[in-house]
Every structure is written in C-alpha cells, then in structure tokens.
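One structure is given here, and the rest of the page talks about it.
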Amino acid sequence: MLSIVLGITMLAACGDSKISAVKDSRLQGAEFTFGENLDKIKECKSTDWSSELVNNVTIVTHTCKVKVDEALVESAKKAELEALKVHARLEEGSAGIYVRGMQTVHVGALRTQELQLAQLAMRVADADRQVSAVANSKYSRFISLSGTALRGGEAPPDPAAWEVKQAENLAQANAAREKVLAEVDAEKRKLQLDVDEAFKAVGLALGWQDKYKEAVEQTRSEVAKEVEAYYAKDHSTEVRTSFRYREGAGAELVRSALFIDDQEGREGMAVYLWDPKRMREYLTYFANKGFLRGVNELFDSRFPIERDGLSGFKYKGQAAAN
C-alpha cells in the first residue's frame, strides 16, 4: 500500500527573527497565530521552517510532513483512474465525431453538386436557345443585317448578304455553345471529384474506428497500470505554506501547495491556518483530484494515433495514415 508523506512547508530555521515574526503573525480575525495553528496540526509528523530572499523579498516557508492514511490513498487512486476513464471515453468518441463530420462533408458535396448541376443545365439550355434562335431566324426586308429594325428610307438588306451574315452568326452561336459545354464539363468533373474525395474520406475515417477504439483501450489499460504502480510505492509528499515577510508590516500568506517527491503540484486554500483540524479537509481536497498530476497528458503522450490532414488519422511517426 502506498504510504504518502505530506509536507507542509512554512518557514525558516530556529533563531531566525523573520521566522519568529511570521510565527507571531495571524490571519485577520483568527484566534491563534500562524505558529500556534501550525504546531497544532496533528497530521504533521515532522515540521521545518526556512527563510530565503527572493527578488529582494523575504519568503518564509513551513513544511509539515504527513503520513497519508489508506482511505485517502485509495480515494486519490480512484479519482485518478476515474479521470483516466473519462478522458479515454472522450478520446474514443472523437473518432466517431470525425466520421460524422466527414459524412456531413460528403452530404454537403452531394447537395452542392445537385444545385450546381441544375445551374449548369440552365447554362446549356440558354446556349441551345441562342443557337436555335439564330438557326431559325428568317429573312425580313424590315430588319437590318445587324438585327435592328430599319429606319425610314433605309434600303432592305440584300438576301445573299443576309444569308452570309446568318451563317456567321450561327457559327458564333455554336462556338459560344461549345465553350459553355466545355466549361460545364470541367465544372461537372470538379463537382464529381469533390464528391468522390468526400466519400473516400468517409471510408478512411470508418476504417480507423475499430483501430482507434482498440488503441484507446490499450492506452487506457497501460496508463492505468502506471497509476496502480505509482500508488503502490512510497512517496515523500509535502504541503508547503509560504509567507511574504516585510519588516514592520507583518506576514502575508503567499501560497499553499502540495509537493510530491519534491515536485510542485497543485495549490490549495490553506484552511488549516484558520483551524488546524481542517488539515484533513485540505488533504482530502487533493485526494479527490488525485495526487498524480497529468494523467490525461500521460494518456495523450502514450496514445499511438494522431490526426492527419490528408486522411483523418495516422500512427505517430508515419508519413500518412494507412
């Protein structure tokens, strides 16, 4: 069973006047001084006071080492494993979210294709009408070669010249129609390519779902074993309470933080400075969150799959997804 030693660091060595001044200070409205309250914390198996100069400011720190009982250890481990479980579930769901996103893109591509094809058909129909109008136009002695009505006194167009002009107009209309058909064909190919690529992306995403789910469970299992191993070992844990001291101004609480194996962890509210009996409450606060920080980050670092811009996912270290 894990035996965690919690340390609450408060202030410097004996005989330091700054430490003595901090010990004699108290929170506003508090019945006892910092030193009196800290000395009454029954969870502290050993304590130490220290002082140092940080950026020309005196910081006094008190360290209280505490033996964490089995109930708190189990609570912390349970919280850690539950957080890991939730994180893994969310990670597994991200693959499904991606699949649904790709399916939405595919549906969007199909709808765009449908709308665009209707507009392209209208362009072709308009070009056909232009050709038909020119081809079916009739000679009129009241219409000029340019297609406008003759004004009074203007001679009617020569029939032979009219036929030549109609042939030119028909050639131009057919050329314009061929251009439209070429543009429409190119646009159709592009629309179909967008649909095909979107459909391919759906297939690739679907192909990753089972592999993604398997990788999530395997990673969760591996990290869970690391969590179990962590809590099976003894750890030196400290809660360090630091004060800023200024001569003539007394002591000001700066922070209270949990340190495990001399590594800084979470900060908490130093409720034990109001009531020494609340040290248990302080430790429970951290236990409910887990003493091992970064379990989600640990999962992410172990997870073997990452997003790939081209095909959705790939194994880390690979150039592209399979």
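Straight-line cross-link reach from K190 at under 22 Å between alpha-carbon atoms covers these lysines, not counting any fewer than eight positions away in the same chain: K179, K200. Just the Kirkwood number for the stretch 245-299, please: inverse of mean 1/r across all distinct Cα pairs, in Å, one decimal. Result for the stretch 245-299 stands at 13.1 Å.
For the stretch 174-227, the alpha-carbon coordinates run over 76, 15, 5 Å along the three principal axes, in decreasing order.
Taking Cα centre as origin and charging only the Cβ of basic (Lys, Arg, +1) and acidic (Asp, Glu, -1) residues, the dipole magnitude of the chain rounds to 560 debye.
Among P157, P304, P276, the largest mean-square fluctuation in a Gaussian network model of the chain, built with springs joining Cα atoms closer than 10 Å, belongs to P157.
Once you divide the Cα radius of gyration of the stretch 105-221 by 2.2 N^0.38 Å, the number left is 2.04. For the stretch 218-322, pairs of C-alpha atoms spaced more than 21 angstrom apart make up 56 percent of the total. A convex hull fitted around the alpha carbon atoms of the stretch 76-132 yields 43 Å³ per residue.
The helix-based estimate of mean residue ellipticity at 222 nm for the chain, built from -39,500 (n - 2.57) per DSSP H run of four or more residues and divided by its residue count, is -19000 deg cm²/dmol to the nearest 500. Seen from every direction in turn and averaged, the convex hull around the alpha carbons of the stretch 1-153 projects onto 27.5 nm².
Build a GNM of the chain with springs between Cα atoms under 10 Å: which of E281, E247, E70 gets the top mean-square fluctuation? Most flexible of the set in this elastic network: E247. Considering only the chain, what is the antiparallel percent among its DSSP beta bridges, to the nearest 5? Taking every DSSP beta bridge with both residues in the chain, the antiparallel ones total about 95 percent.
Within the listed set L258, L110, L170, the residue fluctuating most in the Gaussian network model of the chain (springs between alpha-carbon atoms under 10 angstrom) is L170. Solvent-accessible surface of the stretch 89-192, taken per residue with a 1.4 Å probe and all protein chains present: 69 Å². Among (i) 67, 42, 32; (ii) 69, 50, 39; (iii) 125, 51, 31, which one is Cα extents along the principal axes in Å computed from these coordinates? Checking each listed value against the structure points to (iii).
Beyond 19 Å in Cα-Cα separation lie the following of the pairs K78/K316; K213/K316; K40/K277; K85/K316; K225/K316; K78/K233: K78/K316; K85/K316; K225/K316. Here K77 is the anchor, and the aspartates and glutamates within straight C-alpha reach of less than 13 Å, apart from those fewer than 8 places off in the same chain, are D69, E226, E228. Backbone geometry of the stretch 87-104 corresponds, through the Karplus equation with coefficients 6.51, -1.76 and 1.60 at θ = phi - 60°, to 3J(HN,Hα) couplings of 4, 5, 5, 5, 5, 4, x, 5, 5, x, 4, 5, 4, 4, x, 5, 5, 5 Hz, x marking Gly and Pro.
Considering only T104, Y231, V180, the residue lying farthest towards the positive end of the dipole of the chain is V180, judged by Cα position with unit charges set on Cβ.
Less than 13 Å Cβ to Cβ from W274, Lys/Arg counted +1 and Asp/Glu -1: what total charge do the surrounding residues give? Summing Lys and Arg as +1 and Asp and Glu as -1 gives 0. Short-range pairs are left out: with C-alpha atoms under 8 Å and at least six residues apart, the relative contact order of the chain is 29 percent.
Within the accessible surface of the stretch 131-182, defined with a 1.4 Å probe on protein heavy atoms only, the carbon and sulfur portion equals 58 percent. When the Cα positions of A121, L258, A287 are compared along the charge dipole of the chain, A121 comes out farthest toward the positive end, with charges on each C-beta of Lys, Arg, Asp and Glu. Principal-axis analysis of the Cα atoms of the chain puts helix 159-231 at an angle of about 20° to the longest axis.
The values are calculated or read from the model by the stated rules, or taken from the named source; none is laboratory data. The structure displayed is predicted, hence computed values, not measured ones. We place every Cβ from the backbone using ideal geometry, glycine too, and count neighbours over all the protein chains shown. Only protein heavy atoms, including side chains, enter the accessible area calculation; ligands, DNA and RNA are left aside. Shrake-Rupley method; radii C 1.70, N 1.55, O 1.52, S 1.80 Å.
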